[in-house]
Amino acid sequence: MVLADLGSKLTGALRKLQQAPVIDEELLTECLKEITNALLESDVNVKAAMELRNNIKKQVLLEDNPGNTNKRKLIQKAVCGELVRLLTPEREPFKLQKGKSNVVMFVGLQGSGKTTTCTKFAHYYQRKGWKTALVCADTFRAGAFDQLKQNAAKARIPFYGSYSETDPVVISSDGVSTFRKEKYELIIVDTSGRHKQEATLFKEMVQVYDGVKPDDVIFVMDSHIGQACAEQAQAFQDAIPVGSVIVTKLDGHAKGGGALSAVSATNAPIIFIGTGEHMEDFEKFDAESFVSRLMGLGDLKGLFQTISEAVPLDKQPELMNRLAKGQFTMRDLYEQFGSIQKMGPMSQVLSMIPGMNGALPAGAEQEGTKKIKKYMIMMDSMTDDELDCVKPMVPSRILRVARGSGARLEEVDQLLEEYKRMSKMVGKMGKSGLMGGGKGGKDKMMRNPQAAMKNMQNMMDPKMLQQMGGEGGMMNMMKEMQQPGAMEQMMEAMGGMGGMQEMMKGLDPKMMQNMMKNMGGMGGMGGMGGMGGAGRGGRRR
């Protein structure tokens with residue numbers, strides 16, 4: 001999780017309030033002092049940190065002698081509220097419009113990760129069904145076009161650039177014009193990195209802006225320079241209208257807090273944060289969700305949104321009907337792997353569950369991702385009848401699938417065994433009516449999936465979620481779920497949801513625990529990390 005040290009210090013300070021029998025002004029002052037020090041150590045601006053401290057104290061002291069329990073909640077709410085305020089400027093970010101050509105120009109300092117961020121940004125929207133393209137207008141840095149070309153090819157995104165043309169205004173204008181004619185919905189223009197002292201490069205940036213007339217300008221901010229970001233961002237904003245900000249390299253750097261607070265000082269909204277070098281290390285930024293996860297409170301709203309985007313219930317009536325009858329094919333398994341990948345990195349998903357941040361062991365996510373990808377390649381080598389389970393997989397066909405996918409026989413056998421276990425489980429739940437086959441359950445959820453989502457959120461007891469993140473975290477929960485009758489009890493408790501389990505099947509603990517046995521023996525959710533994309537996508541029927 002981003003700024004993990006800051007989060008642990010903030011939660012540590014608030015934990016003292018939970019343990020104290022009486023919360024008096026002295027304890028409150030001590031707690032606020034720890035919170036302020038934690039912010040300063042993360043390079044948050046001194047003025048912003050002190051203002052946050054004073055505002056929290058005012059809010060708490062203004063209350064008319066609330067009891068200890070209410071005061072704890074009040075302090076926690078005040079801390080979260082002030083952090084959200086710090087990260088939320090008044091200006092709203094530009095909203096891209098699907099179905100029309102949106103031109104977005106990227107600017108920033110040299111070495112801020114701008115070219116990589118351009119590709120991540122394009123890839124993020126490509127996964128959501130947008131027609132995206134990249135234009136390389138960076139003619140200053142040697143190898144800039146080659147880097148963008150390699151990144152774009154890896155993500156399968158069309159690109160435009162030139163080895164011979166040296167005028168960035170010409171390249172950007174031609175590239176944007178070309179992609180506009182081809183009806184691309186998101187056209188991203190990557191420009192040269194520049195510093196505010198470089199007057200010539202700043203003049204060139206303004207010329208590119210005037211040439212392409214972008215709908216939005218995104219400033220890419222390197223979190224490693226901390227509070228110094230504010231001065232640079234202001235210089236860019238004075239030259240051209242910067243609409244929003246993407247903060248990069250936030251993977252645990254000590255100055256990350258300074259970068260985040262610097263953004264608010266320029267009144268430019270953060271729209272994404274980069275947390276690593278890989279394509280999937282890219283998160284949409286929401287201040288409330290970010291702060292909630294930072295404080296160890298999870299982000300259930302983000303969790304359910306992520307799941308619903310990966311598994312849109314109202315678009316899967318056929319699948320839901322089959323699951324309600326206890327039917328589960330190899331093709332269904334393929335689609336669920338794709339849904340898991342669409343959810344993004346599992347570390348991000350886990351950080352949305354209270355207390356689960358950092359639950360994955362090192363390397364587990366990458367290993368699990370490779371396994372899922374390999375399983376999908378194996379299934380790509382199967383026939384339609386085999387995917388629909390019309391024909392059984394005989395030894396000769398297992399050998400053929402292994403050869404066709406470049407896998408070992410044992411690996412294909414592992415996939416088939418995993419499918420059998422999952423199919424058996426779905427069959428049992430379907431027959432018992434727990435998959436929406438009960439009285440009106442599935443129909444109700446299909447008519448109003450949003451209401452079902454809200455019911456699911458209400459059902460998630462905070463105490464239960466906190467236990468999930470306690471000592472041993474998800475591993476302990478998995479062990480508990482393996483106990484006789486544990487899964488049945490959980491599903492019985494969910495029975496009133498009338499089929500909500502179908503949406504949660506990708507996170508079904510027992511199902512994943514079984515899968516993990518064949519995915520590197522990592523246990524828990526370690527092997528379910530997403531690729532940040534949909535892999536090869538769904539198979540045609």
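The values are calculated or read from the model by the stated rules, or taken from the named source; none is laboratory data. Predicted, not measured: the structure shown is a model, and the values here were computed from it. Here Cβ is always computed from backbone atoms with ideal geometry, including for glycine, and neighbour counts include all displayed protein chains.
Residue-by-condition table, conditions (1) at pLDDT 65 or above; (2) farther than 13 Å from I372 by Cα; (3) buried (at least 21 other Cβ atoms within 10 Å of the Cβ); (4) over 11 Å from the mean Cα position of the chain (by Cα):
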position	(1), (2), (3), (4)
A310	no, yes, no, yes
D314	no, yes, no, yes
E318	yes, yes, no, yes
N321	yes, yes, no, yes
G326	yes, yes, no, yes
Y334	yes, no, yes, yes
I340	yes, no, yes, yes
M346	yes, no, yes, no
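Which one of these is modelled with pLDDT of 85 or more, outside the structural domain of E198 (by TED's automatic domain parsing), assigned to a helix (DSSP H, G or I) and over 29 Å from the mean Cα position of the chain (by Cα): E26, E51? Step through it out loud before you land on a result.
Working: E26 fails: modelled with pLDDT of 85 or more.
Just one listed residue meets the conditions, E51.
Could you tell me whether any residue of region 131-145 is at pLDDT below 95, among the aromatic types (F, W, Y) and in the same structural domain as H224 (by TED's automatic domain parsing)?
yes
Filter region 238-252 down to the residues that are among the polar types (S, T, N, Q) and touching a helix residue (DSSP H, G or I) at 6+ places or on another chain (Cβ under 8 Å) and list them by number. Working first, answer last.
Kept after step one, since they are among the polar types (S, T, N, Q), are these residues of region 238-252: 244, 248.
Result: T248, single match.
Check I171, I188 and return the single one that is in contact with a helix residue (DSSP H, G or I) (Cβ under 7 Å, 6 or more places away or on another chain), of a type outside the set (F, W, Y) and within 28 Å of E277 (Cβ to Cβ). Walk me through it before giving the result.
Values: I171 fails: in contact with a helix residue (DSSP H, G or I) (Cβ under 7 Å, 6 or more places away or on another chain).
Exactly one of I171, I188 is in contact with a helix residue (DSSP H, G or I) (Cβ under 7 Å, 6 or more places away or on another chain), of a type outside the set (F, W, Y) and within 28 Å of E277 (Cβ to Cβ), namely I188.
If the requirement is being modelled with pLDDT of 80 or more, crowded, with 22+ Cβ neighbours inside 10 Å and within 29 Å of A152 (Cβ to Cβ), which of these qualifies: F272, F282? Talk me through it step by step, then tell me what you get.
Numbers: F272 fails: crowded, with 22+ Cβ neighbours inside 10 Å.
Of F272, F282, the one residue that is modelled with pLDDT of 80 or more, crowded, with 22+ Cβ neighbours inside 10 Å and within 29 Å of A152 (Cβ to Cβ) is F282.
Tell me, yes or no, whether region 62-82 has at least one residue that is out of contact with any His (no Cβ under 6 Å at 6 or more places or on another chain), under 20 Å from M221 (Cβ atoms) and among the β-branched types (V, I, T).
Residues of region 62-82 out of contact with any His (no Cβ under 6 Å at 6 or more places or on another chain): 62-82.
If we keep only those that are under 20 Å from M221 (Cβ atoms) as well, we get none.
Looking for residues that are out of contact with any His (no Cβ under 6 Å at 6 or more places or on another chain), under 20 Å from M221 (Cβ atoms) and among the β-branched types (V, I, T), one finds none in region 62-82, hence no.
The conditions are (1) touching a residue at least 24 places away in the same chain (Cβ under 8 Å); (2) surrounded by 13 or more Cβ atoms within 10 Å (Cβ to Cβ); (3) farther than 21 Å from F236 by Cβ, and G81 fails exactly one of them. Which is it?
Unmet condition: (1).
Confirm whether S396 is in a helix (DSSP H, G or I), farther than 30 Å from K73 by Cα, of a type in the set (S, T, Y) and modelled with pLDDT under 90.
Numbers: in a helix (DSSP H, G or I): yes; farther than 30 Å from K73 by Cα: yes; of a type in the set (S, T, Y): yes; modelled with pLDDT under 90: no.
Answer is no for this residue.
Tell me, which residue of region 92-134 that is in a helix (DSSP H, G or I) and aromatic (F, W, Y) is surrounded by the most Cβ atoms within 10 Å (Cβ to Cβ)? Walk me through how you get there before you give the answer.
Taking region 92-134 first, the residues in a helix (DSSP H, G or I) are 114-127.
With aromatic (F, W, Y) added as a condition, the list becomes 121, 124-125.
Numbers: F121: 23, Y124: 21, Y125: 19.
My answer is F121.
Exactly one condition in (1) of a type outside the set (S, T, Y); (2) in contact with a strand residue (DSSP E or B) (Cβ under 7 Å, 6 or more places away or on another chain); (3) not in a helix (DSSP H, G or I) is not met by V208; state its number.
Going through the list (1) of a type outside the set (S, T, Y); (2) in contact with a strand residue (DSSP E or B) (Cβ under 7 Å, 6 or more places away or on another chain); (3) not in a helix (DSSP H, G or I), V208 breaks only (3).
Filter region 161-200 down to residues that are of a type in the set (V, I, T) and in a helix (DSSP H, G or I) and give me whichever is surrounded by the most Cβ atoms within 10 Å (Cβ to Cβ).
Our first condition is that a residue be of a type in the set (V, I, T); within region 161-200, this holds for 166, 169-171, 176, 178, 187-189, 191, 200.
Within this subset, residues satisfying the condition of being in a helix (DSSP H, G or I) are 169-171, 176, 178, 200.
Details: V169: 17, V170: 15, I171: 23, V176: 25, T178: 15, T200: 9.
Selected residue: V176.
Here are some residues: A152, A142, A228. Which one is part of a loop (DSSP other than H, G, I, E, B), under 28 Å from E277 (Cα atoms) and among the aliphatic types (A, V, I, L, M)? Walk me through it before giving the result.
Numbers: A152 fails: part of a loop (DSSP other than H, G, I, E, B); A228 fails: part of a loop (DSSP other than H, G, I, E, B).
Step by step, each of A152, A142, A228 is checked, and only A142 is part of a loop (DSSP other than H, G, I, E, B), under 28 Å from E277 (Cα atoms) and among the aliphatic types (A, V, I, L, M).
Do we find that K249 is buried (at least 19 other Cβ atoms within 10 Å of the Cβ), modelled with pLDDT under 70, under 28 Å from E51 (Cα atoms) and not assigned by TED's automatic domain parsing to the domain that holds K47 in this structure?
Working: buried (at least 19 other Cβ atoms within 10 Å of the Cβ): yes; modelled with pLDDT under 70: no; under 28 Å from E51 (Cα atoms): yes; not assigned by TED's automatic domain parsing to the domain that holds K47: yes.
When the stated conditions are applied, K249 does not pass them.
For I271, state whether it is touching a strand residue (DSSP E or B) at 6+ places or on another chain (Cβ under 7 Å) and under 30 Å from N37 (Cα atoms). I'd like the intermediate steps shown before the answer.
Working: touching a strand residue (DSSP E or B) at 6+ places or on another chain (Cβ under 7 Å): yes; under 30 Å from N37 (Cα atoms): yes.
Considered against the rule, which asks whether it is touching a strand residue (DSSP E or B) at 6+ places or on another chain (Cβ under 7 Å) and under 30 Å from N37 (Cα atoms), I271 comes out as yes.
Quickly run through region 1-23 and pick out the residues that are more than 13 Å from I75 (Cβ to Cβ) and either basic (K, R) or part of a helix (DSSP H, G or I) (or both). I'd like the intermediate steps shown before the answer.
Taking region 1-23 first, the residues more than 13 Å from I75 (Cβ to Cβ) are 1-9, 12, 19, 21-22.
Correct list: A4, D5, L6, G7, S8, K9, G12, Q19.
Among residues belonging to region 285-305 that are modelled with pLDDT of 80 or more and outside any helix (DSSP H, G or I), point out the one that is farthest from A259 (Cα to Cα).
Taking region 285-305 first, the residues modelled with pLDDT of 80 or more are 285-292.
Still in the list and also outside any helix (DSSP H, G or I): 285-286.
Numbers: F285: 14, D286: 16 Å.
For region 285-305, the residue satisfying everything is D286.
Out of (1) of a type outside the set (A, V, I, L, M, F, W, C); (2) within 30 Å of G257 (Cβ to Cβ); (3) surrounded by fewer than 17 Cβ atoms within 10 Å (Cβ to Cβ), the odd one out for K154 is which?
Of the numbered conditions (1) of a type outside the set (A, V, I, L, M, F, W, C); (2) within 30 Å of G257 (Cβ to Cβ); (3) surrounded by fewer than 17 Cβ atoms within 10 Å (Cβ to Cβ), the odd one out for K154 is (2).
Sort out which residues of region 51-62 are surrounded by 14 or more Cβ atoms within 10 Å (Cβ to Cβ) and free of Cβ contacts under 8 Å to residues at least 24 places away in the same chain, and write them in order of number.
Across region 51-62, the qualifying residues are E51, R53, Q59.
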